[in-house]
């Protein structure tokens, strides 16, 4: 039988790998065939791949079958020649380091350009090779990546070299995230060989890795690098605790798994019966992850009141990988139907991905014996992104990177620059001092998660966990932050110090007035509530540029204003109030409620034969009535006034801010009214209460004074103390605003004040508010679109 070349025998395998030791056609031996293949390769002009990078090539081809291996070979030859003769601390040839770093990146699935830059990443720093030579041989893209990870010289920057190097890398990462990916792989290999460093250097490097690089790996979503870095740092800084935790892991691995493996098989059968295609596997915890679980168990006493020891379920979690997004929820349905889900343990990161692109469904179910097992559910694409983060999205400069890789159309991963990186790049420009930059960087990276809040206009804000309303205001813009006077969170007026939670709805209140006018600016105590570097830096700049000034309280009308006619009544000689049946009786206007025409008043006889005049409903007058004193019939006399003029007490409720006292006193004096006394209570939850006793030139100016006060930025209520219940006129003078309907801005339970039901109790330690009168404060949204009860009356 004649066998044609290339036609296999019946029943024989068709590939060379499957054929095993079968002698090739033509009678050539394996060695001869290999020589012939190399000769053919050389004849095509393509140089052979160096033997040293054969393992690297195999890994890279598994992710990128069409990769340009010739480029890798050239990069290796240049790196090997440049580093020839150099040794590492371990005594190994230096070229082993860039090879190991490149292998890490190849295992992550990085592209050819990233691998070429990784092979050359130390050449410019440690050899005579220049960036121009790299750019000439491999292009500007590779040169940019190499320059991004090249350290700055201590000769030029001294002690600031490390901080400025990280600043340089972060700026480069803003344009190409692969710079930080190479740096993380570089640090991982250095940490693997950290035992060759001096003990002091080991601790210093481990702390920098813990404070900066591990959080950066978390934010880029590269969990496989983050987990290994965490374990090495843990072993370096806490060797005893690490040894104990590793011993527990080793003991668990040596014994049979009686919980997770059986449950994984049971779940796989259940999903198969339900028609859900899925792979179920046990995902063991790494050392630091287990250590965190053990710390939580030790802090939570068990049923007997003693700290809990490790449980079999603590050593791992179940990972379920499916094909499509909809299958994730099908798996969740089977889990929650067949087993008991734990309340509060379900988290949907598929519909709402984390800031580092992570997507999965998290849940926990209780088994028959009472053991609690955590389960993660994700698609294959989600699993790739969860493990390798931005690396799974492909080279950012390639068209369609990360988009056409067979992902689900509902996949929400975004290859664009992460929001946290954009914010970091913004505030780093404002910190030229290296020490301040390093402190701000470590503080910003200390938060291990982010939250999402939404403004009333629908704008989404990404903030670090623990951020306050101050941070949200400055995230909307520095000018918005400087003009901020308060905030509403989930419909309730709240202090700027309020810590925001994930999913909160926020409205930032800003002062009204001419946009070109200088804003009131932040108070020094805002620094205690600012958690983000951008907010802190903006506040510090303002305080440095605007030193605090002690306001001068005016006790009379401003220059050019008419002097209050205190003796006008004396000239007329008319008493302010006439008492029926008692002509000429001395009359005293009560100081507790300061009645002025046309208030409804009651008179009560007091010692000396005089008559005390109180506003109707005044608590002091009601007590006199309850003690059996009969009210006298009195009425205001037209044109009458006390010898010293009418006095009125006004109370202003406001959100505390700098220069509030000066602005209020200026507004009062601007109406030609003198201030007899002023009292400012200590702020509570950033709210403050000002009480002024005024000397009125004429009772008719009281309404104008109240309107002027309520127009001051930050003031949301002006009222007269000791107002009777439901007396809207006492709170909103005639001509200032229409009285609010019952339950809307008229009392402590008003909807405008609390945003809830009328019988909601006020927050502890916060005085009840009757809403915002006038238009002294504006929301970030369109004023006209707000409900009338929130906007308040026009005027």
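The values are calculated or read from the model by the stated rules, or taken from the named source; none is laboratory data. Since we're looking at a predicted model, the values are computed, not measured. Because the Cβ atoms are built from the backbone with ideal geometry, glycine has one as well, and the counts that use them run over all protein chains shown.
Does residue 24 satisfy the criteria of being at pLDDT below 90, farther than 29 Å from residue 117 by Cβ, surrounded by 11 or more Cβ atoms within 10 Å (Cβ to Cβ) and in contact with a helix residue (DSSP H, G or I) (Cβ under 8 Å, 6 or more places away or on another chain)?
So residue 24 fits the description; yes.
Is it true that some residue in segment 150-164 is out of contact with any strand residue (DSSP E or B) (no Cβ under 6 Å at 6 or more places or on another chain), assigned by TED's automatic domain parsing to the domain that holds residue 71 and modelled with pLDDT of 85 or more?
Scanning segment 150-164, I find at least one residue that is out of contact with any strand residue (DSSP E or B) (no Cβ under 6 Å at 6 or more places or on another chain), assigned by TED's automatic domain parsing to the domain that holds residue 71 and modelled with pLDDT of 85 or more, so the answer is yes.
Kindly provide the set of residues from segment 503-520 that are at pLDDT 80 or above and surrounded by fewer than 16 Cβ atoms within 10 Å (Cβ to Cβ), ordered by number.
Correct list: 503, 505.
Checking the conditions here, which among 293, 282 is under 36 Å from the mean Cα position of the chain (by Cα), surrounded by 14 or more Cβ atoms within 10 Å (Cβ to Cβ) and more than 20 Å from residue 340 (Cα to Cα)?
293
Could you identify the single residue in 560, 608 that is part of a loop (DSSP other than H, G, I, E, B), loosely packed, with under 14 Cβ neighbours inside 10 Å, on the phi > 0 side of the Ramachandran plot and at pLDDT below 75?
560
Only residues that are closer than 14 Å to residue 116 by Cα and part of a loop (DSSP other than H, G, I, E, B): list them for segment 65-89, please.
67, 68
Restricting attention to segment 460-483, which residues are free of Cβ contacts under 8 Å to residues at least 12 places away in the same chain and farther than 13 Å from residue 534 by Cα?
Result: 460, single match.
Can you name every residue in segment 173-196 that is within 29 Å of the chain's Cα centre (by Cα), farther than 14 Å from residue 216 by Cα and part of a helix (DSSP H, G or I)?
Across segment 173-196, the qualifying residue is only 175.
Which members of segment 340-365 meet the condition of being assigned to a loop (DSSP other than H, G, I, E, B) and within 15 Å of residue 376 (Cβ to Cβ)?
Within segment 340-365, 342, 345, 346, 349, 350, 353, 354, 358, 359, 360 qualify.
Given the structure, is residue 432 exposed (fewer than 14 other Cβ atoms within 10 Å of the Cβ), part of a loop (DSSP other than H, G, I, E, B) and either at pLDDT 70 or above or in contact with a strand residue (DSSP E or B) (Cβ under 7 Å, 6 or more places away or on another chain) (or both)?
yes
Residue-by-condition table, conditions (1) farther than 18 Å from residue 597 by Cβ; (2) modelled with pLDDT of 85 or more; (3) assigned to a loop (DSSP other than H, G, I, E, B):
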| position | (1), (2), (3) |
| --- | --- |
| 617 | no, no, yes |
| 640 | no, no, yes |
| 649 | no, yes, no |
| 654 | yes, yes, no |
| 662 | yes, no, no |
| 678 | yes, yes, no |
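Give just the number: which of (1) surrounded by fewer than 13 Cβ atoms within 10 Å (Cβ to Cβ); (2) at pLDDT 90 or above; (3) more than 42 Å from the chain's Cα centre (by Cα); (4) closer than 28 Å to residue 217 by Cα does residue 90 not satisfy?
(2)
Residue under question is residue 129, and the condition is that it be surrounded by 17 or more Cβ atoms within 10 Å (Cβ to Cβ), assigned to a loop (DSSP other than H, G, I, E, B), assigned by TED's automatic domain parsing to the domain that holds residue 195 and free of Cβ contacts under 8 Å to residues at least 24 places away in the same chain; does it hold?
Against the criterion (surrounded by 17 or more Cβ atoms within 10 Å (Cβ to Cβ), assigned to a loop (DSSP other than H, G, I, E, B), assigned by TED's automatic domain parsing to the domain that holds residue 195 and free of Cβ contacts under 8 Å to residues at least 24 places away in the same chain), residue 129 does not qualify.
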